[in-house]
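S.K.: Below is the structure I would like to discuss, written out as structure tokens.
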Amino acid sequence: MKAAPAKKPLIRVAVVESDPLRFVGFRALFDSEPDFELISASLPDISTLANLDLVVLGNRNGQNLFDLMTSLKASRPDLRIIVTGSGKDEETILKAIASGAKGYLDEAASPIEFVQAIRMVNQGSVWAPRHLLSMLIERVSAVPGRIFPGSHTAFTVREKEVLKMLVEGRANKEIGAALGIEVRTVKAHVAKLMRKVGVQNRIALSVQAITRSLVPR
């Protein structure tokens with residue numbers, strides 16, 4: 001007798017949407033994915049939901065995306081977030097990723113793209129259109145021709161800790177409190193990281209860290 005195929009572990013996805021019909025649409029969209037468990041949730045629910053793998057965050061109806069991201073990250077700093085929206089400009093998508101989102105999908109994306117995005121982000125990768133991400137990196141990179149410095153860039157243990165928290169969207173004060181160091185020390189680490197990576201601003205540093213997998217997720 002053939003052994004039964006191993007069941008895939010469940011991927012628990014919380015859908016935060018102001019329109020309840022959107023959740024119904026997501027449930028229908030993922031009906032053919034037996035390992036997806038969808039939960040309709042509000043922001044306050046997120047902090048209490050156990051074994052949650054990622055959040056699909058709708059960006060609509062005038063809501064401030066970055067306020068929502070801050071709220072989610074405050075309660076669950078390691079939570080993986082995919083932002084969905086319609087017709088968002090490049091700056092908004094870049095800021096969402098730099099603020100801690102692990103993916104962005106246009107709400108008009110195909111069902112296959114939604115499924116792929118959730119699986120990729122659940123595995124620790126970042127999901128964004130490659131051409132768009134390349135264009136954004138080009139725009140935020142301060143030094144032409146040095147978008148991707150040598151991959152052998154070496155970081156100290158402390159620099160890795162600071163960089164990981166920076167990618168999660170944490171402010172200098174939050175990083176300092178978590179690591180037990182002064183804010184000025186955090187700023188010194190960030191400045192050194194920017195020199196090593198070859199960029200001149202925090203957003204570019206975050207994007208480089210994400211796209212080059214400089215920190216584990």
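S.K.: Could you pull out every one of the helices (runs of 4 or more DSSP H) wholly within segment 162-217 that has 2 or more residues that are at pLDDT 90 or above? Steps first, please.
M.R.: Numbers: elements: 172-179, 183-197, 202-211.
Counting at least 2 such residues, we get 172-179, 183-197.
S.K.: Six or more apart or on different chains, Cβ atoms under 7 Å: show the pairs whose first residue is in segment 179-206 and free of Cβ contacts under 8 Å to residues at least 12 places away in the same chain and whose second is open to solvent by 40 Å² or more (accessible area, probe 1.4 Å).
M.R.: Close Cβ pairs satisfying both conditions: 183/173; 194/200.
S.K.: Any idea which of (1) at pLDDT below 80; (2) open to solvent by 50 Å² or more (accessible area, probe 1.4 Å); (3) not in a loop (DSSP other than H, G, I, E, B) is the one residue 116 doesn't satisfy?
M.R.: Here residue 116 meets the rest and fails (1).
S.K.: Could I ask something else about it? Hey, can you tell me all the residues within segment 156-187 that are open to solvent by 50 Å² or more (accessible area, probe 1.4 Å), of a type in the set (Asp, Glu) and over 12 Å from residue 77 (Cα atoms)?
M.R.: Those that are open to solvent by 50 Å² or more (accessible area, probe 1.4 Å), of a type in the set (Asp, Glu) and over 12 Å from residue 77 (Cα atoms): 161, 182.
S.K.: Can you tell me which condition residue 128 does not meet? The list is (1) open to solvent by 40 Å² or more (accessible area, probe 1.4 Å); (2) modelled with pLDDT of 65 or more, and all the others hold.
M.R.: So the condition that residue 128 fails would be (1).
S.K.: Additional query: What residue, of 24, 83, 56, is farther than 17 Å from residue 121 by Cβ, modelled with pLDDT of 75 or more and not acidic (Asp, Glu)?
M.R.: Numbers: 83 fails: farther than 17 Å from residue 121 by Cβ; 56 fails: farther than 17 Å from residue 121 by Cβ.
Only one candidate passes the filter, namely 24.
The values are calculated or read from the model by the stated rules, or taken from the named source; none is laboratory data. All values derive from a computational prediction rather than experimental measurement. Because the Cβ atoms are built from the backbone with ideal geometry, glycine has one as well, and the counts that use them run over all protein chains shown. We work out accessible area using only protein heavy atoms, side chains counted, and drop any ligands, DNA or RNA first. Shrake-Rupley method; radii C 1.70, N 1.55, O 1.52, S 1.80 Å.
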